[in-house]
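Some notes on the structure that comes next.
The values are calculated or read from the model by the stated rules, or taken from the named source; none is laboratory data. All values reported here derive from a predicted model rather than from experimental measurement. Cβ: placed from backbone, ideal geometry, glycine included. Neighbour counts: every protein chain shown.
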Amino acid sequence: MKAQESTPPRARVAHVLLNVINDGASLDRELDAARRLTPDPRNQALIQECAYGVLRHYYSLRRHLSQLIERPLRKRDAVIEMLLLSGLYQLFEMQVPEHAVVDASAAAVRSLDKSWASGLVNATLRNALRQRERFVPPTTDDAEACWNHPRWLIDTIRAAWPDDWQRVMQAATARPPFTLRVNRRQLARDEYLVRLQDADLAARALAHCPDGIVLESAVPVSSLPGFDAGLVSVQDGAAQLAAPLLDAQPGQRVLDACAAPGGKTMHLLETVDALELTALDIDPVRLARVNQSAARLGLQCRVIAGDAALPAPWWDGTLYDRILLDAPCSATGVIRRHPDIKLHRAPDDLALLPARQAAIFDGLWPLLRPGGKLLYATCSILPQENDDVLSAALQRHRDALAAPINVAWGRPTRHGRQILSGEHDMDGFYFCVIEKAAHD
Ligand SMILES: C[S@@+](CC[C@H](N)C(=O)[O-])C[C@H]1O[C@@H](n2cnc3c(N)ncnc32)[C@H](O)[C@@H]1O
């Protein structure tokens, strides 16, 4: 059944979850659509909180539910299962009063045209509360429920980070910080902190990021002082590390090869004068957001749709001084911000992505001038997409040399530097700086 405009928010959540979990839809896109159909901002907030919350805790909630219902629901009643998962999340993680959750979930059942299920929903949620004390938390025997990740991903993360895998998965299940990047062309970070204080928004400076601020709680961007005037943008701290690492100098010719939606592009333009910057991306829809951000922030760059792996159709033949390659990847470092990744990624992706990353590297390498620098970045915590891709690239390109990254954040890897999810209040990110040998 298609959700209508008058749909109660809990029924809307059930539809969002159904589309994301069962049909592979993107959480961001589903929430955008739900928001457009939900005029009341409080209901919008409830939908967002429940959808994110259920996906972050999906495996433990599913286990909990399996202990409460006698037999699994039929496939065609999956929307009721989603309603129940969201009910459990509200009861146990949001502490919404019992009667509100039970009554509103029963009302949602009616609007989903599943009136037969109102008794089941009512009884299951009440039962969950009665059994609260007797409920045994998942142990490591049930790894998926314990770590709230699919089994293959737990194994992959554990193999990559044998000393840190548990912390990584806990961080990926937690609520991420709300991080801002101050546009230093307009004002200094300290000045913006004062603006936030004046607006009663508690905030602090973020270490390792000269333009970074963490707010105590998330707010709609419309509540941020001067957002429309371009004083500030929303961007995780790790993403703010790219612009300084690229080390672009005023007036240089820079290619941001996988640029959309443009967070790192804008930071480069905010921090380095007179850059001749080209923002390229294969996805024209996502590229529109680069233009929107540039307009809001009062910045300028050339925006081109094209394939970084095949430059002939879009490259003008002049070499670049710097190239930022923020490669498409598994996004395993940003699961806390995009919990649907856990459900949408599959082991096969890890077989395919490195070849795609290598093809983009090889397409771009001839475009860098001798003596220039390429920054390879991913929001992945898996070496298959990071050091392994770089090892092979360094073998293929004898004029490529990994440069040391001397910083106080993250940890050194074979060729670059890694931040694991949650470290320094940041997303998981990998960076490697590659220099091209200068002609003798
Ligand atoms: C990690 S995102 C980039 C995020 C962006 N740099 C930022 O900071 O906002 C990766 C981007 O690579 C783009 N992409 C994937 N394959 C590409 C290709 N072959 N050529 C150019 N862009 C590509 C995707 O459309 C996606 O926008």
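Details
- Counting only strands (runs of 3 or more DSSP E) that sit completely within the range 237-314, those holding 1 or more residues that are acidic (Asp, Glu) and near the ligand (Cβ under 8 Å from one of its atoms) correspond to 253-256, 276-281.
- Just one of the numbered conditions (1) in contact (Cβ under 8 Å) with a residue 12 or more places away in the chain; (2) surrounded by fewer than 19 Cβ atoms within 10 Å (Cβ to Cβ); (3) not in a loop (DSSP other than H, G, I, E, B) is not true of Ala207: (3).
- Test result for Tyr320, in contact with a Leu (Cβ under 6 Å, 6 or more places away or on another chain), within 20 Å of Gly416 (Cα to Cα) and either of a type in the set (Ser, Thr, Tyr) or without any contact (Cβ under 8 Å) to a residue 40 or more places away in the chain (or both): no
- Verdict on Arg71 being surrounded by fewer than 16 Cβ atoms within 10 Å (Cβ to Cβ) and either outside any helix (DSSP H, G or I) or more than 25 Å from the chain's Cα centre (by Cα) (or both): yes
- Selection status of Asn127, farther than 30 Å from Ile335 by Cα, assigned to a helix (DSSP H, G or I) and of a type outside the set (Asp, Glu): yes
- For the range 130-148, residues that are of a type in the set (D, E, K, R) and not in a helix (DSSP H, G or I) total 2.
- When residues of the range 347-368 are limited to those that are modelled with pLDDT of 95 or more and surrounded by fewer than 17 Cβ atoms within 10 Å (Cβ to Cβ), the one farthest from the ligand (Cβ to nearest atom): Pro366
- Selection status of Asp321, of a type in the set (Asp, Glu) and within 12 Å of the ligand (Cβ to nearest atom): no
- Count - residues of the range 261-306 that are without any contact (Cβ under 8 Å) to a residue 60 or more places away in the chain, of a type in the set (D, E, K, R) and crowded, with 20+ Cβ neighbours inside 10 Å: 1
- Taken over the range 307-317, the criterion of being within 22 Å of Ala248 (Cα to Cα) and free of Cβ contacts under 8 Å to residues at least 24 places away in the same chain is satisfied by Asp316, Gly317.
- From Ser86, Ser66, Ser105, Ser6, residue being among the polar types (S, T, N, Q), within 22 Å of Trp116 (Cα to Cα) and part of a loop (DSSP other than H, G, I, E, B): Ser6
- Looking only at the range 149-164, and only at residues there that are touching a Leu at 6+ places or on another chain (Cβ under 9 Å) and part of a loop (DSSP other than H, G, I, E, B), the one that is farthest from His57 (Cα to Cα): Trp161
- When residues of the range 369-389 are limited to those that are within 16 Å of the ligand (Cβ to nearest atom) and within 25 Å of Gly317 (Cβ to Cβ), the one surrounded by the fewest Cβ atoms within 10 Å (Cβ to Cβ): Leu374
- Residue under evaluation Ala392, criteria (1) of a type in the set (Gly, Ala, Ser); (2) within 14 Å of the ligand (Cβ to nearest atom); (3) in contact with a helix residue (DSSP H, G or I) (Cβ under 7 Å, 6 or more places away or on another chain); (4) more than 28 Å from Cys209 (Cβ to Cβ), criterion not met: (2)
- Taken over the range 367-404, the criterion of being in a helix (DSSP H, G or I) and among the small types (Gly, Ala, Ser) is satisfied by Ser391, Ala392, Ala393.
- Criterion (in contact (Cβ under 8 Å) with a residue 12 or more places away in the chain, buried (at least 18 other Cβ atoms within 10 Å of the Cβ) and over 25 Å from Ala174 (Cβ atoms)) met by exactly one of Val109, Val16, Val54, Val101: Val109
- Among residues of the range 172-183 that are within 11 Å of Val234 (Cβ to Cβ), those with a Cβ under 7 angstrom from a residue that is in a helix (DSSP H, G or I) and among the polar types (S, T, N, Q), sequence gap 6+ or separate chain, pair up as Arg181/Gln240.
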